[in-house]
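> To start, I am sharing the structure in question, which I have written as C-alpha cells.
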Amino acid sequence: MSCSRILRNAWTAIVLLAGAAVTAVTASAQDYPNRPITLVVPFPPGGSTTIVARIVADKMSEALGQSIVIDNRGGAGGTVGSRAVSKSAPDGYTILLGYTGTLAIGPTLYGNVGYDPRKDFEPIGRIGTAPNTLVVHPSTPVHSVAELIAYAKANPGKLNYGSAGIGTVSHVCGEYFATAAGVKLTHIPYKGTGPAIIDLLGGHIPVAFAPVPATHENAQSGKLRMLAVTSAVRSTLLPNVPTIAEAALPGFEAVLRYGLVAPRGTPRAIIERLNAALNASLASGDVRARLAIDGAEPLPGTPADYAADIDREEGQWSKVVKASGAKAE
C-alpha cells in the first residue's frame, strides 16, 4: 500500500472519529439532564452561599425535570471545592456556585489556588449580588462605624473580627476596612459564616463582617448590633442601615456576587440549557422574594455577562488584596 494511501486512510479515520465524537456530544446534550445534577457549594452549610444555592436550585430543578443536589465542600476559603469542580468531568452533572471569594479573591490571596477563574470554568450565568454587613456584639462599646474606628485606634491590634475563613469576602472586606480606616484589626478565621456568627453571638469575638442572611434576624432581635452595610448604596432590605461609605469611609464598596459555573469544556448546549433554567428561576416571583429576604438582588443574564463580571471582579479584588497585604498559604 502506498504512503499516500495510508495517509489518506488515516485522515479518513480521524474525520470519522471526530464526527462520532461530535454526534455523541450532541446526543448527550439533547438528552441532558437525565439524572440528578450536583451543585457544589464550596463552603460549610449555614452560610449565605448555601442559602442562595438552595433558593435557585429548587426552582431550576422544576425547569430541568431533574433534582439538583447541594454538595457542601468547604475548605481554604472555598478554593478546595472550586478546584475539585474545575477538574470534574465537563458533562453538566457537576457544577459550582461561583462566588466573589473563590473566583475573584482566592487566585491572588493563595500562592497556588489550583485553578484559573477565567480559563478553567464555563460561566453559566449570574444569580445576584448582595452586601456584607458590619455587625458587633451588643457588649462592644460602639454604636456607629465612626465609633468603631475610634475604638480600634484607641486599642490598636486588640480588636478582633471574625470571618467565614481566609480568602472569603468577609475576610478581605475586613482587611480592606482596616486599610481604608487606618486601623489595626486582628483577623479570626472560621470554617464558614455559621461558626463565626455562633461565636459572635456568644460574645467570643466582638466584630464580624458577614452576609445579610446570617445577621439580619439576629440584628432585628437585638442579639447583634448592625452598624453598616458594605455596598455603595443602602440595601432595599435594610433601608435604615447606613453604608460604610456614607458613615465614615467615602468610596468604600465590597459586595458579594453569586453565579453558576461549570468545568471548562462543558458543551455549549448544556451551558445554554442551564442558563435558561437559571434565568427562568430568577424571573420567578417566589425566588425573587426569597432572595430579597436574604438581601440579594437578582442579576439575570447570559454566560458572557457573567464571564465579564468574573474578569472585572478579579481585577478589582486583586488590587484590594495586594494593598491590604493579606496572604494565605
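> Hey, rough spin-label estimate for residue 323 and residue 147, points 7 angstrom out along Cα→Cβ, what's it come to in nanometres?
About 2.8 nm separates the two model spin labels.
> Next up: Quick one: accessible area per residue over the chain, 1.4 Å probe, rounded to a whole number of Å²? Present the calculation step by step, with values, prior to reporting the outcome.
Values: 13940 Å² over 329 residues.
Solvent-accessible surface per residue comes out at 42 Å².
> Can you tell me the FRET efficiency between residue 154 and residue 316 if r is taken as the Cβ-Cβ distance and R0 is 30 Å, rounded to the nearest 0.05? Could the numbers behind the result be given before it?
Numbers: r = 32 Å, r/R0 = 1.06.
Computed FRET efficiency for residue 154 and residue 316: 0.40.
> Pairing the Cα long axis of helix 48-64 with the longest principal axis of the chain, what angle in degrees results, from 0 to 90 and rounded to the nearest 10?
Taking the Cα atoms of the chain, the angle to 48-64 is about 30 degrees.
> A further question follows. Nearest 10 degrees, 0 to 90: what angle lies between the long axis of helix 169-181 and the longest principal axis of the chain (Cα atoms)?
That works out to roughly 50 degrees.
> Let me ask something additional. Assign unit charges at the C-beta atoms only (+1 for Lys and Arg, -1 for Asp and Glu), then state the dipole size of the chain relative to its Cα centre in Debye, rounded to the nearest 20. Please report the intermediate quantities before stating the final value.
Numbers: 28 positive and 24 negative charges, 118 e Å.
In debye, rounded to 20, the chain gives about 560.
> Next question. Once you list every other residue whose beta carbon is under 13 Å from the beta carbon of residue 241, what net charge do they have if Lys and Arg are +1 and Asp and Glu are -1? Walk me through the numbers on the way to the answer.
On the way: positive: 225, 234; negative: 246.
Spelling it out: positives minus negatives among the neighbours equals +1.
> Please report the net charge: other residues with Cβ closer than 12 Å to the Cβ of residue 267, K and R +1, D and E -1.
Values: positive: 264, 268, 273; negative: 31, 91, 122, 272.
Local charge sum for residue 267: -1.
> Whenever you get a sec, compute what percent of the accessible area on the chain sits on carbon and sulfur atoms (1.4 Å probe).
Values: 7780 of 13940 Å².
Whole-percent figure for carbon plus sulfur exposure: 56.
> OK, next. Under 8 Å for C-alpha pairs, at least 6 residues apart: give me the relative contact order for the chain, rounded to a whole percent. Mind showing how you got there, number by number?
Values: 674 pairs, mean separation 86.7, N = 329.
Across the chain, relative contact order equals 26 percent.
> Right, here's the next one. Highest first, please rank the peptides 130-136, 234-240 by the mean number of other Cβ atoms sitting within 10 Å of their residues. Kindly include the intermediate steps, with their values, before the conclusion.
Details: 130-136: 27.9, 234-240: 14.1.
Sorting 130-136, 234-240 by mean packing, highest first, produces 130-136, 234-240.
> Ok, one more. Place +1 on the Cβ of every Lys and Arg and -1 on the Cβ of every Asp and Glu in the chain, take the dipole about the Cα centre, and give the residue among 148, 132, 90 whose Cα lies farthest towards its positive end.
Positive-most Cα among the choices belongs to 90.
> Cross-link candidates for residue 322: which aspartates and glutamates have Cα within less than 15 Å, leaving aside residues fewer than 8 places away along the same chain?
Counting by Cα, and skipping residues close in sequence, residue 322 has these aspartates and glutamates nearby: 175, 313, 314.
> Tell me the relative contact order for the stretch 54-111 as a rounded percent, counting alpha carbon contacts under 8 Å between residues six or more apart.
24
> Once you've got the GNM for the chain with C-alpha springs shorter than 10 Å, pick whichever of 274, 148, 96 has the biggest mean-square fluctuation.
148
> Residues with beta-carbon under 10 Å from that of residue 41, excluding residue 41: net charge, scoring Lys, Arg +1 and Asp, Glu -1? Numbers along the way, then the final one.
Details: positive: 54, 73; negative: 71.
Value of the local net charge: +1.
> Rank by packing, highest mean first: peptides 39-48, 308-317, with packing defined as the count of other Cβ atoms within 10 Å averaged across residues. Walk me through the numbers on the way to the answer.
Values: 39-48: 23.4, 308-317: 17.1.
Put in order of decreasing packing, that is 39-48, 308-317.
> Mind checking which aspartates and glutamates have their C-alpha under 13 Å from residue 191, skipping anything on the same chain fewer than 8 residues away?
199
> Still on this structure, please answer the following. Which value, in debye to the nearest 20, describes the size of the charge dipole of the stretch 87-202 about its Cα centre when Lys and Arg Cβ atoms bear +1, Asp and Glu Cβ atoms bear -1, and nothing else is charged? Please list the in-between numbers first.
Details: 8 positive and 7 negative charges, 45 e Å.
Here the size comes out at about 220 debye.
> I'd like to know which of 284, 240, 271 lies farthest towards the positive end of the charge dipole of the stretch 240-329, counting +1 on Cβ of Lys and Arg and -1 on Cβ of Asp and Glu.
Ranked along the dipole, the leading option is 271.
> Right, here's the next one. In what order, largest first, do 35, 257, 73 sit by accessible area if the probe radius is 1.4 Å? Don't jump to the answer; show the numbers that get you there.
Working: 35 110, 257 50, 73 85 Å².
Ranked list, largest accessible area first: 35, 73, 257.
The values are calculated or read from the model by the stated rules, or taken from the named source; none is laboratory data. Here the structure is a predicted model, which means the values were calculated and not measured. No Cβ is skipped: glycine too gets one built from the backbone with ideal geometry, and neighbour counts run over all protein chains shown. Areas reflect the complete protein model, heavy atoms only, side chains present, ligands, DNA and RNA absent. Shrake-Rupley method; radii C 1.70, N 1.55, O 1.52, S 1.80 Å.
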